[in-house]
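J.: Encoded as structure tokens, here's the structure I'll be asking about.
Read-outs: derived from the displayed coordinates by stated rules, not from any lab. What you see is a predicted model; the values in this text were computed from it and never measured. Every residue, glycine among them, receives a Cβ derived from its backbone with ideal geometry; neighbour counts consider all protein chains shown.
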Amino acid sequence: MNPKTQYKLLDRIDSPADLKGLSLHELEGLAEEIRQKIIETVSMTGGHLAPSLGAVELAIALHYVFDMPKDKIIWDVGHQAYAHKLLTGRRDQFHTLRTYGGISGFPKRAESPFDTFNTGHSSTSISAGLGISTAKALKGEKGKVIAVIGDGSMTAGMAFEGLNQSGHMEKDLIVVLNDNAMSISPNVGAFSSFLSRKMTGKRFVGFKKEIEVFLKSIPGVGEDILNVARKWEDSFLTFFTQGMLFEALRFKYIGPIKGHRIDRLIETFKNTQHLEGPVLIHAVTVKGKGYGPAEKDPAHYHGVGSFEISTGAPPKNGPKPPPSYTEVFGRTMVELGRENKKLFAITAAMPEGTGLTEFAEVYPERFLDVGIAEQHAVTFAAGLATEGFRPVVAIYSTFLQRAYDQIIHDVCLPGLPVVFAIDRGGLVGEDGPTHHGHFDITYLRSLPNMTLMAPKDENELRHMLYTALQQPGPVGIRYPRGKGLGVPMDKDYETIPIGKSEILRQGKDLLILALGDKVNPSLEAAFHLEKEGHSACVVNCRFVKPLDRQLGELAGSIGRVLVVEENIRQGGLGGAVLEMFNDMGVENVRTKRIGLPDKFVEHGPSALLREKYGLDSSGILKEARDLCQ
């Protein structure tokens, strides 16, 4: 892609202020140019294509009507914010989207004053918006606060906690529900849209206030008549709209309206500017709008790598790569589900992402997608476990953080046999700090009753899943994003002894304790180290908890230890090893830890990030060489 592609309208937009002078026809043309720009860029960089294509008109209309950044807009999750970035001074940098040193794929306060709130995980926008609105009121500042949230994010309890509190406090807050899943009867939807736009117009609202004043002035019966009128209006609106739930939460409901009609959006947003208190605008959009493959399969194009625009297919890059850890996990679940009738799979709005699509098709009665509700997923699994089922909860590492209390209280405390399939453990690349999974070892290994392990390759992942399903208590299996090593797959499953490590290479000068996908680069480092005259013993730890105490004895005899993990060093495997050495009284052992630093790691290609933080074979070799001096 050439970042200097000429766009007649988009090239004139350096800030939202530049939108104000455009005609409706020009705004519609701008929407098409923005879509083309997004498609061209994401085809090269990868990213969240379908959500951003579906929110182009929303972004244009919001920035056209409101005065950002005095007014504040929060994009829930941020998957749909590419048009927002293009309209807020980042057009010339947009080709660097998600690349190392380039702009983030998510709203980021440090990147632009137009990014009100850092996002990346779902369902935070309403709570954050209420906080901002409350702060503005306390400071006496003017300006609207708008939270744009998708229907998927509305499945999370946090969204309704925010709605409930917002309605109770009656602060000024506009929630735009970007609905790309719910169907609407055309007639009812059109009439409801008409009613909502007209009944929130200034003239109608002013007239209604005058009527209220008049009725209140009638001695004796005025207030009663007014109450009847209000009930009639509520019943009339509820009959023609889908807003009863939001009205019950004390939001003024407007919609549904067509989310790709810029004229309708502008009229509606203008009408809300004078409304006080919480307002919810229900806009219906098409995910992937304007790009055929994404409209046809929005789930696949929700987040994609690079692709060929003409076909939507990934570029052809030589021979077929080995299956990913996620794919192997999914196939293993199907195989194990055939024999184990108590196996139950659970995911939180990620059946494709976690590899459970086939399991859902083969065993629909033993599969549940709970939506974006990780807390519910974990406690639901705990309930299943109390009745003899063997639930496997497949959730990305970064999202499992959201259910930490449920893991502790509902699973570990009673010691229930729930298996956590922790996908995307470690660095995940271009999605950056909101999505890296480099805290899970730290937040899980301290929990009583928890067994925590990580496979060195995709074949060992199969055996670990088989092993986990035989354990009487909770088990976490952590595995990385991306392709496996292409190792042969064993036909039969084997039970791995709990807490038993695996010595892969003997050596007398250095002991390398490696975990998960850091085992293979550690073996490569040991091979090069041997050429330099030093022999290294390489151990596949397999378990973070319980640790193999024989490692302490081995460390005592060798005297030099290098611990390698893709987790933050604080509270990680390295810390566990040092604690074990202390408890065992292992002395006079030089120990170094390779892991991620005490920071949120930036976005960029995973290979580049691993090189930067010394987690590739070259970085491991350097630290090993220093220890052997």
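J.: Around Thr495, with a cut-off of 13 angstrom between Cβ atoms, what is the net charge of the other residues, counting Lys and Arg +1 and Asp and Glu -1?
T.: Residues near Thr495 contribute -1 overall.
J.: Near Asp431, within a Cβ-to-Cβ distance under 10 Å, what is the net charge of the other residues, with Lys and Arg +1 and Asp and Glu -1? Present the calculation step by step, with values, prior to reporting the outcome.
T.: Values: positive: Arg98, Arg424, Arg481; negative: Glu430.
So the environment of Asp431 carries a net charge of +2.
J.: Excluding Ala299 itself, what net charge comes from residues whose Cβ is under 9 Å from its Cβ, given Lys and Arg +1 and Asp and Glu -1?
T.: Every neighbour counted, the sum reads -1.
J.: A further question follows. Does the stretch 502-628 classify as rounded, prolate or oblate by the C-alpha gyration tensor (a ≥ b ≥ c root eigenvalues; a/c under 1.5 gives rounded; else a/b over b/c gives prolate, otherwise oblate)? Each step should come with its number before you reach the end.
T.: Working: a/c = 1.83, a/b = 1.21, b/c = 1.52.
Verdict is oblate for the stretch 502-628.
J.: Ordered by packing density, taken as the mean number of other Cβ atoms within 10 Å over each peptide's residues, highest first, how do 489-499, 405-415, 323-333, 511-521 rank?
T.: On the way: 489-499: 12.7, 405-415: 18.0, 323-333: 21.8, 511-521: 26.8.
For the peptides 489-499, 405-415, 323-333, 511-521, the packing ranking is 511-521, 323-333, 405-415, 489-499.
J.: Taking amide hydrogens as modeled 1.01 Å from N in the peptide plane, which residues meet the under 5 Å criterion relative to Thr451, leaving out close sequence neighbours?
T.: Val475, Gly476
J.: Which of the pairs Lys72/Lys270; Lys287/Lys341; Lys108/Lys456; Lys37/Lys289; Lys85/Lys252; Lys70/Lys270 have their Cα atoms more than 25 Å apart in this structure? Write down the numbers at each step before the final one.
T.: Working: Lys72/Lys270 15 Å; Lys287/Lys341 37 Å; Lys108/Lys456 35 Å; Lys37/Lys289 13 Å; Lys85/Lys252 29 Å; Lys70/Lys270 16 Å.
Violating the 25 Å Cα-Cα cut-off are Lys287/Lys341; Lys108/Lys456; Lys85/Lys252.
J.: Right, something else. Assuming a ≥ b ≥ c are the square roots of the Cα gyration tensor eigenvalues, decide whether the stretch 325-478 counts as rounded (a/c under 1.5), prolate (otherwise, with a/b larger than b/c) or oblate. Walk me through the numbers before you get to the answer.
T.: Values: a/c = 1.30, a/b = 1.09, b/c = 1.19.
Verdict is rounded for the stretch 325-478.
J.: For Lys139, Lys612, which order do you get if you count the other beta carbons within 10 Å of each Cβ and list the fewest first? Mind dumping the intermediate values first?
T.: Values: Lys139 7, Lys612 14.
Ranked by crowding around the Cβ, least crowded first: Lys139, Lys612.
J.: Per DSSP H run of n ≥ 4, the term is -39500 (n - 2.57); total these for the chain, divide by its residue number, and report the mean residue ellipticity at 222 nm rounded to 500 deg cm²/dmol. Please list the in-between numbers first.
T.: Details: 23 runs with 248 residues, N = 629.
So the calculated ellipticity at 222 nm is -12000 deg cm²/dmol.
J.: Can you give me the distance in nm between label points at Glu530 and Ala137, each placed 7 Å from the Cα along the Cα-to-Cβ direction?
T.: 7.0
J.: Still on this structure, I have one more. Could you list Leu53, Leu10, Leu452 in order of exposure, starting from the residue whose Cβ has the fewest other Cβ atoms within 10 Å?
T.: Numbers: Leu53 27, Leu10 20, Leu452 24.
So the residues, fewest neighbours to most, are Leu10, Leu452, Leu53.
J.: Moving on. What are the residues whose amide H is under 5 Å from the amide H of Gly371, where those residues sit 5 or more places off or on another chain and H is modelled from the backbone?
T.: For Gly371, whose amide H was placed from the backbone, the distant partners under 5 Å are Ala349.
J.: Arrange His48, His168, His84 by Cβ neighbour counts within 10 Å, fewest through most, would you?
T.: Values: His48 23, His168 12, His84 28.
In increasing order of surrounding Cβ atoms, one gets His168, His48, His84.
J.: Let me check against my output: what whole-number percent is the relative contact order of the chain, with C-alpha pairs under 8 Å and at least 6 apart? Don't jump to the answer; show the numbers that get you there.
T.: Working: 1251 pairs, mean separation 69.2, N = 629.
Reported as a whole number, the value is 11 percent.
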